[in-house]
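> So that we are looking at the same thing, I have put the structure below in structure tokens.
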Amino acid sequence: MEKVRICLAGAGRAGMVHAKNVVHYIRSAVLVALVDTNQKVLEESGRELGIKNLYTDYREALTRDDLEAVIIVTPTFTHAEIACYAAKNKKHIMLEKPMAQSPGECDRINDATKNNAVKLQIGFMRRFDVAFTKAKEIIDSGELGRVMIIKSPGRGPGLPPPWAYDLSRSNGMLAEVNSHDFDSIRWLVGSDYEKVYAQAENFKCQGLRKEYPDFYDNAVVNVRLKNGTLGSIDGTCPAGYGYDARVEILCEKGLIQIGDLKEPGFSQVKADGTTVGSTFKSWRDRFKDAYLAEMEHFVTAILNDNEPCVTGADGKKAVEAVIAANKSIQTDMPVELA
Ligand SMILES: NC(=O)c1ccc[n+]([C@@H]2O[C@H](COP(=O)([O-])OP(=O)(O)OC[C@H]3O[C@@H](n4cnc5c(N)ncnc54)[C@H](O)[C@@H]3O)[C@@H](O)[C@H]2O)c1
């Protein structure tokens, strides 16, 4: 196989990031087909990307025998169904986070990929970001001693798409936005969650509670990992001021800070000494290189027959932690993870 032939399922916000990376930057892959249930989105994205094989039903696309892989970027409540179908049709899978709606759905996906010997990579692109990987290296080297406290705000500039307002279909903001924080804390520290205690409020989107009574737009989750590390995740959506994915890691012998509020490479200093810069407008800007690196990793794993480094087991751990935090919000009690 010279080039991996890929289908994209879901040509929405994140889907187009992946599609453009494959079309414009990844030499060892080619985008062959697009699937989207929205005919208008399908035609527009097909035109923009120069793809002629367009489908509204993923089953028609995924039974094509000239495809090796699929990137699944549809709403979370469709992930398990599409991923299992893809696995049964022997397609390698790059699956966006959150992996699925429940640990049971994650098990179904993991079983289907294992039984059909196809690769599965979950879209935790922070693991491919230069600052995150540097922090991981420092922690693993032991240079700063053990991690004592890790703080991970994950704040998005605007509201997620409307399908994510409904907690029963999306697991809410903690899944849609903060899945990344749950994954990166666990990955950086190298330990699983022992306990979470979460509080949530709805400050900015009062109107949404009429239709979605569980909706929250702010949450703080205190976490304890099995190795004793303490941490917190906070989520806000819409934050308004930009996309904020800074992380602070307090170790026994020092401190690591990941990321910045402002885009690097530009700052203005005024006569009064104040500085001006612009914040990251979106996750697309903050993690631009990481999205490309994760897709390169996926394609290379297929070509070299390696296992991708972000697995279905990682995806399931993040889903479990999000569900525990939502349970904690509902019960106002700490929740232990198995
Ligand atoms: N890794 C990241 O940073 C990141 C960022 C944003 C979104 N995401 C994830 O990507 C996924 C999609 O989110 P989004 O914000 O792009 O959503 P979106 O609503 O913008 O796009 C989803 C697209 O999927 C299409 N669709 C819905 N059901 C479908 C089906 N059964 N088959 C084919 N197409 C279908 C919709 O018409 C829409 O165009 C979610 O799992 C989300 O959590 C990840």
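> Quickly run through the range 5-30 and pick out the residues that are in a strand (DSSP E or B) and surrounded by fewer than 22 Cβ atoms within 10 Å (Cβ to Cβ).
Matches in the range 5-30: Arg5, Val30.
> So, one more: Report, by residue number, each residue of the range 7-42 that is over 23 Å from Ala87 (Cβ atoms) and more than 14 Å from the ligand (Cβ to nearest atom).
Scanning the range 7-42 gives Val23, His24, Tyr25, Arg27.
> Contact list please: Cβ distance under 9 Å, first residue in the range 20-42 and within 24 Å of Ala293 (Cβ to Cβ), second residue near the ligand (Cβ under 9 Å from one of its atoms) and assigned to a loop (DSSP other than H, G, I, E, B), pairs at least six apart or on different chains.
Leu34/Ala11
> A further question on this structure: If you scan the range 116-133, which residues turn out to be touching a residue at least 40 places away in the same chain (Cβ under 8 Å) and assigned to a helix (DSSP H, G or I)?
Met125, Arg126, Arg127, Phe128, Val130, Ala131, Phe132 - these are the residues of the range 116-133 that are touching a residue at least 40 places away in the same chain (Cβ under 8 Å) and assigned to a helix (DSSP H, G or I).
> For residues that are in contact with a helix residue (DSSP H, G or I) (Cβ under 7 Å, 6 or more places away or on another chain) and assigned to a helix (DSSP H, G or I), scanning just the range 136-166, find the one that is surrounded by the fewest Cβ atoms within 10 Å (Cβ to Cβ).
Out of the qualifying residues, it is Trp163.
> Just the residues that are in contact (Cβ under 8 Å) with a residue 24 or more places away in the chain, in contact with a helix residue (DSSP H, G or I) (Cβ under 9 Å, 6 or more places away or on another chain) and within 17 Å of Ile329 (Cα to Cα), please, taken from the range 188-205.
Result: Tyr193, Lys195, Val196, Tyr197, Ala198, Gln199, Ala200.
> Could you go through the range 43-62 and let me know if any residue there is in a loop (DSSP other than H, G, I, E, B), more than 13 Å from the ligand (Cβ to nearest atom) and among the hydrophobic types (A, V, I, L, M, F, W, C).
Yes, the conditions are met somewhere in the range 43-62.
> Would you mention how many residues in the range 73-106 are more than 8 Å from the ligand (Cβ to nearest atom) and either in contact with a helix residue (DSSP H, G or I) (Cβ under 8 Å, 6 or more places away or on another chain) or modelled with pLDDT under 95 (or both)?
Within the range 73-106, residues that are more than 8 Å from the ligand (Cβ to nearest atom) and either in contact with a helix residue (DSSP H, G or I) (Cβ under 8 Å, 6 or more places away or on another chain) or modelled with pLDDT under 95 (or both) number 21.
> So, of the residues in the range 139-194 that are among the hydroxyl-bearing types (Ser, Thr, Tyr) and away from the ligand (no atom under 16 Å from the Cβ), which turns out to be nearest to Val310 (Cα to Cα)?
Selected residue: Ser191.
> List the residue pairs whose Cβ atoms are under 9 Å apart, where the first residue sits in the range 206-227 and is in the same structural domain as Pro162 (by TED's automatic domain parsing), the second is of a type in the set (Phe, Trp, Tyr) and in a helix (DSSP H, G or I), and the two are 6 or more positions apart or on different chains.
So the pair list comes out as Leu208/Tyr165; Glu211/Tyr165; Tyr212/Tyr165; Phe215/Tyr165; Val221/Phe182; Val223/Phe182.
The values are calculated or read from the model by the stated rules, or taken from the named source; none is laboratory data. Nothing here was measured: the structure is a model prediction, and the numbers come from that model. So basically every Cβ, Gly included, is an ideal-geometry build from the backbone, and we count neighbours across all protein chains shown.
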